[in-house]
Amino acid sequence: MASKFKKFAVVCGAGAVGAGITTYFFMDDDFDRRWNTVHAQQIALPRSKKPLPSRDELLKSLKTESFDVLVIGGGATGVGCALDATTRGLKTALVEADDFASGTSSRSTKLIHGGVRYLQKAIMQLDIEQYRMVKEALRERALMLESAPHLAHPLPIMLPVYKWWQVPYYWVGIKCYDLVAGLKNVKSSYLLSKKSALELFPMLRGDALCGALVYYDGQQDDARMNLAIALTAIRHGATVSNHVSVTKLLKKTEGDKEVVCGVSVKDEITGETWDIPAKCVINATGPFTDFIRKMDDPKVPEICAPSSGVHITLPGYYSPEQMGLLDPSTSDGRVIFFLPWQKQTIAGTTDLPCEVTRNPKPTEDEITFILEEVKNYLNPDVEVRRGDVLSAWSGIRPLVSDPNKADTQSIARNHIIHVSKSNLVTIAGGKWTTYRSMAEETIDAAITACNLKPKKAHSQTSGVLMEGAHEWTPTMYIRLVQDFGLECEVAQHLSNSYGDRAFSVAKLASLTGQRWPIIGKKLHPEFPYIDAEIRYGVREYALTAIDMIARRLRLAFLNVQAAQEALPQIINIMAEELNWSEEEKQKQSQAATDFLSNEMGQNVNRASRDKIPINLSKEEIQLYIKRFQIIDKDHKGYVSINDIRRSLKSLGIKLTEDEIHSLLTDIQLMHNGQLELADYLQQSGEENVTGEQLHEILKEIDTNMNGQVELDEYLQMMSAIKSGHVTYSRFARMAELEEAEHERQKLKKKISVERSGGGL
């Protein structure tokens, strides 16, 4: 009893202290004065009617002109700097070595948030810096929601409570979060009973649930938001190009020191190199910050502590369509979000120190950790299966290191702006939500350091509407359905991805040849992406198949297998737009396949399946052998394309060559177009069937007695389905249907007793 009263006293005390501190800072005059200044500047700049310049035109500008500001890096912070500089009247350029948002900015949790856990630390540790970071982020959250309403929207997030004494503790914390947001709060948080919580989030584990709190943050399509900012900067006069890398910083002597006066660059598509002169160079390269800083000074100490954050995509039925979930205290102290996104569910993130790389990969340990934590919050009806992981990716957070703290979990995402002796301006750290204010401070520092003369002294970006936002409304998709004959789901997707530019996309769509929808051929039957988006994506500077499947469309992040299946069609359309040769098409296909395999988790999914033991009973193995042999009518020991074609024909199913190949890749172990039976012996560790029994089973189907009929891919697949490591296989379903058809045909051939006369 004494311990309960002690907990209650701690909760009340923490709540009172937190509320007092928060109220004090909320009433702080300096902070309010700064907010009022920003608010007063919210005058939307007019929409540009000019078409986007081609990449060739942008490159010509980069080759022939000099600039006031040149930004290195096309992530959120970099494009934010370009937009801020160009709207102040500075002649601005930006170069990105890969694609816009190709790094961390497309691999986030998709939230626009202030950071609930940072506010908790600010209150509990009396940390004014973290408090200010949260307050700034909440202000910027409101501005992002206003600047791109088609790409960002409020999202309620539930915090389930399983101990009674935590209810007042979390309630006070969430109310502090609302209070810090002030007048720009998205929506007020509220407390739910156990019954109400389960009504809103029926997948939630109900036993021991005391209730829940719901608060609001924003959610976005991060890669498309990044692209929208870049396109907006171009609309306002900036010269921006992707796939142009910096190879060297140019310097000149000015007084008694050398200063940066431009960069040497390389076009990663053509290999061409040239110099770009600029009065000020800004380093906004995220995890690669120190790489550019060492171009300036090889001896400079590193300031970034890279941290890997892995997310996974699960089917949409794992969460309600409009309610997220926050686990504030996982088994190792990290925070896990469980959020609906693009009709799927994303879960993450991990937080581990890592090495900087352009190709970060998720690991099985990180995926397993997320699944185990998710499992703790879902009821038994929702079986959390490894095979439900549709995609997995890792993003490298460019956290700013603090030498006084040993682990990355205690590193806040505060940003720093540093001007070197040679006037290289570096912006490092921070988070997605605060990209605009970070850019504002960076350009302020650049103007001072490099003595720039902008037409407007203060930032203009608090009132800038992003590409597609000017004439967008939540019901705009209805006009797309009515005017163009698009499927409703496709129209909603186009509206929410392109805003008022969706009409330009729809004009590029092909006729379907059907009564309805009239236009809009889907790239994959499970997703609303259509052919016109590929053509429009090229106009949005997509130059590779990876640019398209990962960032113009979000297919790679939503379902890696679907992305693989849609890839041939995507490449064919891009080839028409970009005049690719057959050799280039093959090169793009291989690069995109490698990307999906390594960076989007396809290989991890396969390795996870292949490592599990074969746990089939003797009866199950006999059943699957029978099905396999029915398809392998020639008893070759493997199933070929012709076998699948013959089987599907007997079932009355017509598929294209690509679709037949797709059936084979379901098992993911293709060898020259064959699914071979090979190397399945005792190593399976199977408990129900001994090695001797397995050999007996093999003899039953070894018709030529040469010992070469062995089990591998098919049995491994069926075992993976049984264990949940694989959720479904079209090949397995085809084998099941073929067996049923085979049995039906056998019955037809039997002679009835009446016709035989009752005798032999």
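List of remarks:
- Across all directions, the shadow cast by the convex hull of segment 261-377 built on its C-alpha atoms averages 11.2 square nanometres.
- Protein heavy-atom accessible surface, 1.4 Å probe, per residue over segment 213-338: 34 Å².
- Residues of segment 292-334 with amide N under 19 Å of a point placed 7 Å along Cα→Cβ from residue 163: 326-334
- Accessible area of segment 137-208 divided out per residue, in Å², using a probe of 1.4 angstrom: 41
- Computed over segment 463-555, the P(r) curve from all C-alpha pair distances, binned at 5 Å from the origin, holds 3, 14, 25, 25, 18, 10, 3, 1, 0 percent per bin.
- In this rough spin-label picture, where each label sits 7 Å from Cα along the Cβ direction, the residue 419-residue 64 distance is 3.3 nm.
- Taking the accessible area of segment 421-539, probe 1.4 Å, and keeping the other protein chains in place, the carbon and sulfur fraction comes to 50%.
- Extended-chain gain in nm, criterion 0.36 nm per residue less alpha-carbon gap, residue 569 and residue 368: 69.0 nm
- Using the Cβ of residue 382 as centre and a radius below 13 Å, the other residues enclosed give a net charge of 0, where K and R count +1 and D and E count -1.
- Between residue 733 and residue 322, the FRET efficiency estimated from the beta carbon spacing at R0 = 30 angstrom works out to 0.40.
- Counted over segment 474-611 with a bin width of 10 Å, the fraction of Cα pairs per bin, in whole percents, is 12, 41, 31, 13, 2, 0.
- With every protein chain in place, segment 67-110: carbon and sulfur % of accessible area (1.4 Å): 45
- Rolling a 1.4 Å probe across the protein heavy atoms gives segment 490-570 an accessible surface of 31 Å² per residue.
- Of all accessible heavy-atom area on segment 160-308, the percent that carbon and sulfur account for (1.4 Å): 56
- Spin-label model, residue 581/residue 448: points 7 Å from Cα along the beta carbon direction are separated by 5.4 nm.
The values are calculated or read from the model by the stated rules, or taken from the named source; none is laboratory data. None of the values given here were measured: they were computed from a predicted structure. All Cβ positions, even for glycine, are placed from backbone atoms using ideal geometry, and neighbour counts span all protein chains on display. We work out accessible area using only protein heavy atoms, side chains counted, and drop any ligands, DNA or RNA first. Shrake-Rupley method; radii C 1.70, N 1.55, O 1.52, S 1.80 Å.
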